[in-house]
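Peer 1: Below is the structure I would like to discuss, written out as structure tokens.
The values are calculated or read from the model by the stated rules, or taken from the named source; none is laboratory data. Since this is a predicted model, take the numbers as computed values, not measurements. Note that we place each Cβ from the backbone using ideal geometry, even for glycine, and neighbour counts take in every protein chain shown. Note: areas computed on protein heavy atoms with side chains; ligands, DNA, RNA excluded. Shrake-Rupley method; radii C 1.70, N 1.55, O 1.52, S 1.80 Å.
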Amino acid sequence: MMHEDQERYVIALDVGGTVLKGALTGQDNEPLYQVRRATSGSGDQAAVTAGVLDFAAELYGTGLARFGRPPSAAGVAVPGIVDERAGVAVYSANLGWRDLPLRRLVSERLDGIPVGLGHDVRAGGLAEGRLGAGAGQERFLFIALGTGIAGAIGIGGAVDPGAHGGAGEIGHVVVRPGGTRCGCGQQGCLETVASAAAIGRAWAAASATPGATAADAARAVVAGDPRAESLWREAVDGLADGLLTAVSLLDPGAVIVGGGLAEAGETLLAPLRVALAAKATFQPLPTIVPAALGDAAGCLGAGLLAWDHCKLPMSAEVSP
Ligand SMILES: [Zn+2]
């Protein structure tokens, strides 16, 4: 139990296209307070930003009221393209953001406290790597299988953003040259083959059930439907091709599989391990494990960004 008048805490904020998740987090990374809001502004940069800043200010006020002191820092995880070093949300189609200096804006709104800005999937990967499924692994690959496919590369307990904030985009590794056109403009990207959206579309077509989802496909696989087994096998095969490329480049100790599709559990992971092992020739195989933190990962990761950003000693005490 935290001594409310002695310990430090941070604000963690996970900005999604539909939901804002906020928390006040103590030095053991346990959320002390959690709250959600709908994302306001529907794609209008100024309106969405105002909603995020108001939410941050509300968390700040809650912290002051509960603990009698300001938070030591804030961490903010956002989707899209993020320049973490510059603290800029470079682009998000859902939020309508372009070149938004969000780190500065949040800090200004919160009386100048240090703010860490990060990419949502990389923040989630950071949390999985340190606190969740990858605990103890120095090198890991986190892969989120959802509407799209995104990834985060963990090295030495931190997630590497790349030189331009673009590292980890395994969803746009081409696994089927000349295949289905991807939203990025390329053809045959991994996310056109093995995202939850792609599997849902394939199962909707195969089963003549408009609106069928990847979860429906997984249930049909478990039930032994041969049409579902066939398209599932193709998706797993594509995913193994993408992972083989990643494994060849990164040699991770663990691959942590998250996102909505990961809810299929061993229905996905068991054949994935077999397919990757069959394709590997010389590559050492990583363990393939399910993500452990669910949709709390982004907010937990934002809290880690906050602690990392101000480089606070984890056990230091400060006087009021
Ligand atoms: Zn693509």
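Peer 1: Residues of region 57-80 being open to solvent by less than 30 Å² (accessible area, probe 1.4 Å) and within 20 Å of the chain's Cα centre (by Cα), which ones?
Peer 2: A74, G75, V76, A77, V78, P79
Peer 1: Related question: If you take the residues in region 173-193 that are in contact (Cβ under 8 Å) with a residue 60 or more places away in the chain and in contact with a Leu (Cβ under 8 Å, 6 or more places away or on another chain), which one is nearest to the ligand (Cβ to nearest atom)? Give the steps one after another, and end with the answer.
Peer 2: Quick first cut of region 173-193, residues in contact (Cβ under 8 Å) with a residue 60 or more places away in the chain only: 173, 175-176.
If we keep only those that are in contact with a Leu (Cβ under 8 Å, 6 or more places away or on another chain) too, we end up with 173, 175.
On the way: V173: 8, V175: 10 Å.
Ranking the qualifying residues of region 173-193, first place goes to V173.
Peer 1: Related question: For region 42-65, which positions are within 11 Å of G22 (Cβ to Cβ) and in contact with a Ser or Thr (Cβ under 6 Å, 6 or more places away or on another chain)?
Peer 2: Within region 42-65, none qualify.
Peer 1: When you scan region 144-157, how many residues do you find that are open to solvent by 50 Å² or more (accessible area, probe 1.4 Å) and within 16 Å of the ligand (Cβ to nearest atom)?
Peer 2: 1
Peer 1: It is to be established whether one or more residues within region 158-172 are more than 10 Å from the ligand (Cβ to nearest atom), open to solvent by less than 20 Å² (accessible area, probe 1.4 Å) and under 27 Å from A264 (Cα atoms).
Peer 2: Yes - at least one qualifying residue is present in region 158-172.
Peer 1: Within region 90-104, which residues are at pLDDT 95 or above and crowded, with 19+ Cβ neighbours inside 10 Å?
Peer 2: Answer for region 90-104, where residues must be at pLDDT 95 or above and crowded, with 19+ Cβ neighbours inside 10 Å: L100, L102, R103.
Peer 1: Right, here's the next one. Quick one: is G200 crowded, with 16+ Cβ neighbours inside 10 Å and away from the ligand (no atom under 16 Å from the Cβ)? Walk me through how you get there before you give the answer.
Peer 2: On the way: crowded, with 16+ Cβ neighbours inside 10 Å: yes; away from the ligand (no atom under 16 Å from the Cβ): yes.
Spelling it out, G200 is indeed crowded, with 16+ Cβ neighbours inside 10 Å and away from the ligand (no atom under 16 Å from the Cβ).
Peer 1: Tally the residues that are more than 21 Å from the chain's Cα centre (by Cα) and either among the small types (G, A, S) or outside any helix (DSSP H, G or I) (or both), restricting the search to region 214-234.
Peer 2: 8
Peer 1: While we're looking at this one, here's another question. Report every pair of residues separated by at least 6 positions or lying on different chains whose Cβ atoms are under 9 Å apart, first residue within region 226-248 and closer than 12 Å to A280 by Cβ, second of a type in the set (A, V, I, L, M, F, W, C) and modelled with pLDDT under 95.
Peer 2: Going by the 9 Å Cβ cut-off, there are no qualifying pairs.
Peer 1: Among all residue pairs at least 6 apart or on different chains, which show Cβ distances below 8 Å where the first residue, located in region 255-281, is without any contact (Cβ under 8 Å) to a residue 60 or more places away in the chain and the second is of a type in the set (K, R) and surrounded by fewer than 22 Cβ atoms within 10 Å (Cβ to Cβ)?
Peer 2: Listed pairs, sorted by first residue: P271/R233.
Peer 1: Contact list please: Cβ distance under 7 Å, first residue in region 66-82 and more than 16 Å from G22 (Cβ to Cβ) and of a type in the set (K, R), second residue at pLDDT below 95 and open to solvent by 30 Å² or more (accessible area, probe 1.4 Å), pairs at least six apart or on different chains.
Peer 2: R69/P320
Peer 1: Would you say L268 is open to solvent by less than 40 Å² (accessible area, probe 1.4 Å), in contact with a Ser or Thr (Cβ under 8 Å, 6 or more places away or on another chain), assigned to a helix (DSSP H, G or I) and under 20 Å from G146 (Cβ atoms)? Give the derivation first.
Peer 2: Values: open to solvent by less than 40 Å² (accessible area, probe 1.4 Å): yes; in contact with a Ser or Thr (Cβ under 8 Å, 6 or more places away or on another chain): no; assigned to a helix (DSSP H, G or I): yes; under 20 Å from G146 (Cβ atoms): yes.
No.
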